[in-house]
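The values are calculated or read from the model by the stated rules, or taken from the named source; none is laboratory data. On a predicted model such as this, the values are computed, not experimentally measured, just so you know. Glycine gets a Cβ as well: all are built from the backbone with ideal geometry, and neighbour counts include every protein chain shown.
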Amino acid sequence: MQQSQALAILKTGANVFLTGEPGSGKTHTINEYTAYLRECGIEHSVTASTGIAATHIGGRTIHSWSGIGIASKLDRYVIDRISSNERVVKRVSKAKVLIIDEISMLGSETFSMVEAVIREIKRSPEPFGGLQIILVGDFFQLPPVVKREVVVDNQAQLLESKPKLFAYESSAWNRLCPLVCYLTQQYRQDDSEFLDLLGAIRGNSFSKKHLARIEARKIEYEQAPVDAPKLYSHNLDVDRVNAEALARMPGKPESFSMSTRGPKALVESLKKGCLSPENLQLKKGSAVMFTKNNLPQGFVNGTLGIVEDFVRPSGNPVIRTRDGNRIEAEPLEWVLKENDQTLATIEQIPLRLAWAITVHKSQGMSLDEATMDLSSVFEYGQGYVALSRVRRFSGVHLLGYNERAFQIHPEILKKDKEFRSASDDIAQAFSKLSDKELKKMLNNFVVACGGKINHSKNKDVVFGIC
């Protein structure tokens, strides 16, 4: 399906799963749609499953937007607490359209929790309270990070035998029944050899021919381009590379120590969930990444930038982000609460070094080149995500790989065929609509949302067969 076709379907108000290979223009299509919604005066919310994904689309995490936060289970108490939060209720009540990006990384349970909260706040039995829902992502990429919770007491050990992992396995997805728009054009890569290799991984047809091409891109660590970002599957490797890069820079580093309050065990728990180190060391010119959300200050978890200076007398670092914003990074708190009572707190500058990043953090990026080590890949899709970040095969500098690096999740192969078939059916069905019928659907949706019809934006809406 072409972007123009998917965009027209979105404008009808249909619930949509927008998918396609990396570089097929999913984010561009969403940007076009949100621009259209703004021009029509339709309230909408742009969210993503992770902080880094939210930065790419100028939104916030779905966990924050919906008010579920880090909750792993939803009961009556949690629903009542969220539906009593004035800020959450206000933004959910106003919204007519909800966009969730990187849906592949949102677990089935979390997806259902979001749906239940929205229904409660909207006081509606319809899926997601009647909101138009746009789900964006590619299930060939990284799956959800789901902690396997084990509950132990003196009598028994409780284990979930086969938990549902992906959002499309949830009851909320089945009730929503979104139309599938599978984008098939490629905009990131224009290298036919590289596209063939990525397609072979995606189609589970990776062969010795493709492995020979991969071998041709292998280099030694000393040969890695100095300015190319480094991608690793584990944080330990990322931390090592960042420390080495900092040591090579001239001057003495500025140090920022974490402060803590509360019982040791609870403080340690907070530290494990904090991406900023206990002792953060920075120099002018350091590549950094924000580790916490602060929308009023202009950053979220995953925002990248460079240390430009240090403010005196506070010593706080000043960060120039990739989109040109200049932000003074002040200490922020990570808090552990129970029933609104603060149990423990840690405070640190919300930054970490970012010469190297994990493959998980790179998802959604487009890079001219990258040095990547796939020798410790442990998750389906990690190798595919790392390789597909780069625009051309000549920009791939490979330090190593293992067998898992070129494998994708076996369950996704079958599901992908269903998605492609469903998308073809939808494209053909919509292509049979006359321009008059289609424009009526578009206008009806705008009116239903209380927006203003923009006839100039709808005059060229046409469909073709995929």
Considering only the range 208-223, state which residues are exposed (fewer than 13 other Cβ atoms within 10 Å of the Cβ) and part of a helix (DSSP H, G or I).
K208, K209, A212, E215, Y221, E222, Q223
If the Cβ limit is 7 Å and pairs must be 6+ apart or interchain, which residue in the range 292-304 that is assigned by TED's automatic domain parsing to the domain that holds N325 pairs with which residue that is among the hydrophobic types (A, V, I, L, M, F, W, C) and assigned to a loop (DSSP other than H, G, I, E, B)?
N293/V300; L304/A354
Tally the residues that are under 20 Å from D190 (Cα atoms) and in a loop (DSSP other than H, G, I, E, B), restricting the search to the range 367-413.
5
Might you check whether a residue that is among the charged types (D, E, K, R), touching a residue at least 24 places away in the same chain (Cβ under 8 Å), in contact with a Leu (Cβ under 6 Å, 6 or more places away or on another chain) and buried (at least 18 other Cβ atoms within 10 Å of the Cβ) occurs anywhere in the range 412-420?
no
Hits in the range 1-21 (condition: surrounded by 23 or more Cβ atoms within 10 Å (Cβ to Cβ) and either in a loop (DSSP other than H, G, I, E, B) or without any contact (Cβ under 8 Å) to a residue 40 or more places away in the chain (or both)):
M1, E21
Restricting the range 345-386 to residues that are within 17 Å of the chain's Cα centre (by Cα) and of a type in the set (A, V, I, L, M, F, W, C), which is nearest to S276 (Cα to Cα)?
I357
Does D237 satisfy the criteria of being among the acidic types (D, E), under 26 Å from the mean Cα position of the chain (by Cα) and surrounded by 17 or more Cβ atoms within 10 Å (Cβ to Cβ)?
yes
Taking the stated definitions as given, is R148 touching a strand residue (DSSP E or B) at 6+ places or on another chain (Cβ under 8 Å) and at pLDDT below 90?
no
